[in-house]
Amino acid sequence: MNDLLIIRILFVVVLAISAFFLRPFELPSAVGAGLGLILGIGIVFFEIRLKQVSLKRLMGAAVGSVLGILGAFLISLILDRSFPSQTGTIPFIQLGILLWMAYVGLVVGANKGDMLNLAAFGGLFGGEKSSKHSFKILDTSVIIDGRIADIAETGFLDGTLVIPQFVLRELQLVADSADSMKRNRGRRGLDILQRIQKISELNVQILEDDFPHVRDVDMKLIELAKLYDCKIVTNDFNLNKVAQLHGVEVLNINELANALKPIVLPGELMRVFILKEGKEYNQGVAYLDDGTMVVVDNAKRMISKTIDITVTSVLQTTAGKMIFGRFDERTHAVYEKTSPADRGHERPHRESHSTAATPPGV
């Protein structure tokens with residue numbers, strides 16, 4: 001039990017005991033204690049919710065409510081002067097206007113509070129420099145993909161990772177699907193979220209904002225990114241293009257993976273394991289550890305062997321990078337290796353196809 005929980009329990013207990021002895025509104029002691037207990041729990045719940053509100057929204061709500069109360073006070077003065085003889089109706093109207101304007105000012109001020117630039121005031125507010133641009137919204141595909149957790153653990157992601165509530169609902173629907181493959185993908189996504197939340201250096205927030213008039217989840221993500229002026233983290237090609245059309249910045253995990261692939265220049269030597277036959281005549285196909293396809297000419301006979309090749313060209317496509325190479329049996333080595341797992345234990349030998357002279361006497 002942490003210290004904050006102990007303080008909350010003591011606060012509720014003290015408030016209930018005080019109400020028991022003081023008997024507010026001349027209530028019986030037991031009823032007063034119950035009222036104090038309910039009030040204490042309500043205050044603690046309000047404090048927990050208040051912790052999740054940013055300083056900007058808190059200040060916006062305070063300013064909005066004060067302006068609402070001031071407006072209600074001015075309207076009350078006008079009503080008093082206009083209808084002095086009304087005894088019960090006018091006070092009721094005044095109270096209703098006060099509550100209405102205070103509530104509207106509170107809600108509107110909280111929603112517009114994100115537009116405040118507290119860093120411009122300096123001093124106490126100088127530390128409030130983390131703007132909305134530091135928010136990064138995760139979509140369903142990138143959560144299920146799982147690589148976002150590895151990137152987060154390396155410390156390359158800063159700011160706040162935001163997970164919308166409608167993304168969680170979609171993830172839960174996938175996890176509850178009757179299709180076993182979809183169900184496994186959804187459960188893996190939930191496991192990835194738990195893994196991300198356990199990273200102590202990372203700030204993860206669940207956002208309740210929703211757009212009921214928008215049915216498509218991708219469009220909801222775009223609207224949310226527009227609202228908070230932040231970026232979307234995804235590996236969905238279509239969402240990437242649509243978001244860019246709407247002027248929303250996107251961090252694409254697939255583009256990051258492609259950018260981190262090693263740079264290979266034509267003329268360099270590479271060692272690859274020929275996995276299968278290529279589409280064209282006498283071609284072999286290999287794959288690097290990061291999944292990059294390598295198409296090798298003159299390597300059809302080298303299937304299930306590790307060979308050295310010379311890179312001839314590199315093609316960058318939207319789906320990734322492709323490397324083209326050539327195998328020359330006269331200059332390139334062939335290694336005694338049957339699978340990529342045996343790397344480091346090859347013994348090179350050259351396959352000679354020339355006719356050697358027969359020693360005399362044989």
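Tell me the residue from Val272, Val294, Val264, Val285 that is under 16 Å from Gln316 (Cβ atoms), modelled with pLDDT of 90 or more and within 38 Å of the chain's Cα centre (by Cα), please.
On inspection, the qualifying residue turns out to be Val294.
Taking the stated definitions as given, is Ile253 buried (at least 18 other Cβ atoms within 10 Å of the Cβ) and more than 37 Å from the chain's Cα centre (by Cα)? Considered against the rule, which asks whether it is buried (at least 18 other Cβ atoms within 10 Å of the Cβ) and more than 37 Å from the chain's Cα centre (by Cα), Ile253 comes out as no. Here Asn258 meets each of (1) buried (at least 19 other Cβ atoms within 10 Å of the Cβ); (2) under 30 Å from Pro164 (Cβ atoms) with one exception, condition (1).
Find all pairs meeting these conditions: Cβ atoms under 9 angstrom apart; at least six residues apart or on different chains; first residue within the range 122-146 and under 16 Å from Ala175 (Cβ atoms); second residue modelled with pLDDT under 50 and assigned to a helix (DSSP H, G or I). Qualifying pairs under 9 Å: none. For Lys241, the criteria (1) of a type in the set (Lys, Arg); (2) touching a strand residue (DSSP E or B) at 6+ places or on another chain (Cβ under 6 Å); (3) without any contact (Cβ under 8 Å) to a residue 24 or more places away in the chain hold in every case but one, which is (2).
Within the range 306-328, residues that are within 14 Å of Tyr287 (Cβ to Cβ) reach partners that are among the hydroxyl-bearing types (Ser, Thr, Tyr) and assigned to a loop (DSSP other than H, G, I, E, B) with beta carbons closer than 6 Å, at six or more positions or on different chains, in the pairs Lys321/Thr292. When Leu265 is tested against (1) buried (at least 18 other Cβ atoms within 10 Å of the Cβ); (2) in a loop (DSSP other than H, G, I, E, B); (3) hydrophobic (A, V, I, L, M, F, W, C), exactly one condition is not met: (1). In the condition set (1) part of a helix (DSSP H, G or I); (2) farther than 29 Å from Val250 by Cβ; (3) modelled with pLDDT of 65 or more, Pro84 is compliant with all but (1). Residues of the range 268-313 that are small (Gly, Ala, Ser) and in a strand (DSSP E or B): Gly284, Ala286, Ser313. Among residues of the range 252-280 that are on the phi < 0 side of the Ramachandran plot, those with a beta-carbon under 8 Å from a residue that is at pLDDT below 85 and loosely packed, with under 12 Cβ neighbours inside 10 Å at least six positions away or on a different chain give the pairs Asn258/Gln316; Phe273/Ser339. Out of Asp179, Asp191, Asp236, report the one residue that is farther than 17 Å from Ile148 by Cβ and not polar (S, T, N, Q). The conditions single out Asp179. Of the residues making up the range 163-189, those that are closer than 15 Å to Asp139 by Cβ and of a type in the set (A, V, I, L, M, F, W, C) are Ile163, Phe166, Val167, Leu168, Leu171, Leu173, Val174.
Is at least one residue of the range 130-141 modelled with pLDDT of 90 or more and basic (Lys, Arg)? The answer is yes, given that some residue of the range 130-141 is modelled with pLDDT of 90 or more and basic (Lys, Arg).
The values are calculated or read from the model by the stated rules, or taken from the named source; none is laboratory data. Remember, it's a predicted structure, so these values are computed and weren't measured experimentally. All Cβ positions, even for glycine, are placed from backbone atoms using ideal geometry, and neighbour counts span all protein chains on display.
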